[in-house]
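Read through the structure below, which is laid out as structure tokens, and then see the notes.
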Amino acid sequence: MRKKAVAHLLECVDIMDATGSRDLKLWFADGTNYPGQDDIRARQDRLAEALAIVYSRLAENQRMLLEYKLFEPSFYSTDVPDWGTSLLHCLALGPRAEVVVDTGHHAPGTNIEFIVAMLLRANRLGGFDFNSRFYADDDLMVGAADPFQLFRIMHEVIEADALKPTGGTAFMLDQCHNIEPKIPAQIRSVMNVQEATAKALLIDADVLAEAQQAGDVLAANGAMMDAYNTDVRPLLAELREETGLDPDPVAAYRRSGYAEKIVAERVGGTPASWGT
């Protein structure tokens with residue numbers, strides 16, 4: 001069974017070669033439900049062995065990104081439950097193995113921007129899966145539950161100069177829209193990230209650094225809050241117009257009639273399901 005799993009991963013690398021893909025992104029939904037069900041250390045040994053086989057198959061321009069998740073589906077132990085476990089495996093593999101941070105994969109109260117800062121410091125932040133959660137991995141629109149957290153995360157990315165494409169961090173939406181229309185929800189998610197990023201870019205770095213060096217807690221926090229409380233929506237609308245885009249992406253989608261078009265085209269079709 002393990003040989004089949006590794007063979008599947010190696011086949012994925014073959015597909016990467018054919019398509020020019022850079023990143024092999026891995027998440028393992030495996031673990032144990034009861035103490036004594038399996039040897040925890042032996043499981044990590046087996047995982048490390050499999051990862052090493054796949055890593056050695058990667059080309060020089062390809063990376064392995066290892067995601068972590070607090071739980072699901074296992075209730076006692078999950079094989080890659082946190083950023084530390086993911087980072088340890090990546091460090092053992094080599095410089096082209098990096099960690100993926102899914103913003104919904106953390107316990108309540110976790111300081112995600114601290115994790116982001118630590119991974120950036122170690123040059124091991126491979127990418128993000130952006131979403132939001134009220135409970136646990138709800139896969140809601142990014143920024144829905146805590147837009148201030150998204151702002152703080154983007155501040156760490158910008159401070160480490162990792163926003164630019166050459167920074168190597170892959171930004172992705174990983175969401176599941178069940179009651180809201182999917183395409184408008186994706187558009188709104190992109191806009192939420194844009195707004196959080198614009199606000200983070202407005203932080204006066206000199207004022208913030210001066211307050212930090214002086215130990216002025218309120219001034220330092222004020223520099224952050226001044227930027228966060230700025231309404232950047234008119235600025236982003238103006239930027240879109242300058243680049244030839246509609247200033248209001250959601251309204252543009254509604255006017256396009258695309259939603260009605262795809263509904264009409266799919267009448268009588270076969271719905272997608274786990275069985276197809």
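The values are calculated or read from the model by the stated rules, or taken from the named source; none is laboratory data. Keep in mind that what you see is a predicted model, and the values were worked out from it rather than measured. Counting neighbours? That spans all protein chains shown, and the Cβs are built from the backbone with ideal geometry, glycine included. Surface accessibility is based on the protein's heavy atoms, side chains included, excluding ligands, DNA and RNA. Shrake-Rupley method; radii C 1.70, N 1.55, O 1.52, S 1.80 Å.
Structure data summary
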item: Partners for Lys164 among aspartates and glutamates (Cα-Cα distance below 16 Å; same-chain residues under 8 apart left out); result: Glu156
item: For Arg63, distant residues with modelled amide H under 5 Å away; result: Asp23, Leu24
item: Estimated inter-spin distance, Glu238 and Ile53, nm [label 7 Å along Cα→Cβ]; result: 5.8
item: Percent carbon-and-sulfur accessible area, the range 198-276, ignoring ligands, DNA and RNA, probe 1.4 Å; result: 57
item: Answer label for Rg and Dmax of the Cα atoms in Å (calculated), chosen among (1) 21.2, 68; (2) 19.8, 67; (3) 23.1, 81; result: (1)
item: Ratio Rg/Rh, restricted to the range 1-112 and using Cα atoms, in which Rh is the Kirkwood radius; result: 0.98
item: Computed over the chain: relative contact order in percent, which uses C-alpha pairs under 8 Å that are six or more apart; result: 11
item: Two-site FRET efficiency, Val263 against Phe148, from Cβ-Cβ distance with R₀ of 41 Å, rounded to 0.05; result: 0.65
item: Ellipsoid semi-axes in whole angstrom, largest first, where each is sqrt(5λ) of the Cα gyration tensor of the range 116-158; result: 21, 12, 8
item: Contour excess over end-to-end distance, with Cα ends at Asp17 and Thr166 and 0.36 nm allotted per residue; result: 51.5 nm
item: Spherically averaged projected area of the range 154-259 from its Cα convex hull (nm²); result: 8.9
item: Diffusion coefficient, µm² s⁻¹, Stokes-Einstein with Kirkwood Rh over alpha-carbon pairs of the range 78-222 at 10 °C and 1.306 mPa s; result: 98
item: Exposure rank, largest accessible area first [Thr85, Thr166; 1.4 Å]; result: Thr166, Thr85
item: Above-threshold pairs, the threshold being 31 Å between Cα atoms, out of Lys69/Lys261; Lys69/Lys182; Lys25/Lys261; Lys25/Lys199; Lys3/Lys69; result: Lys69/Lys261; Lys25/Lys261
item: Separation of alpha-carbon centers, the range 2-26 and the range 217-261, rounded to whole Å; result: 37
item: Solvent-accessible area per residue, Å², over the chain with all protein chains present [probe radius 1.4 Å]; result: 58
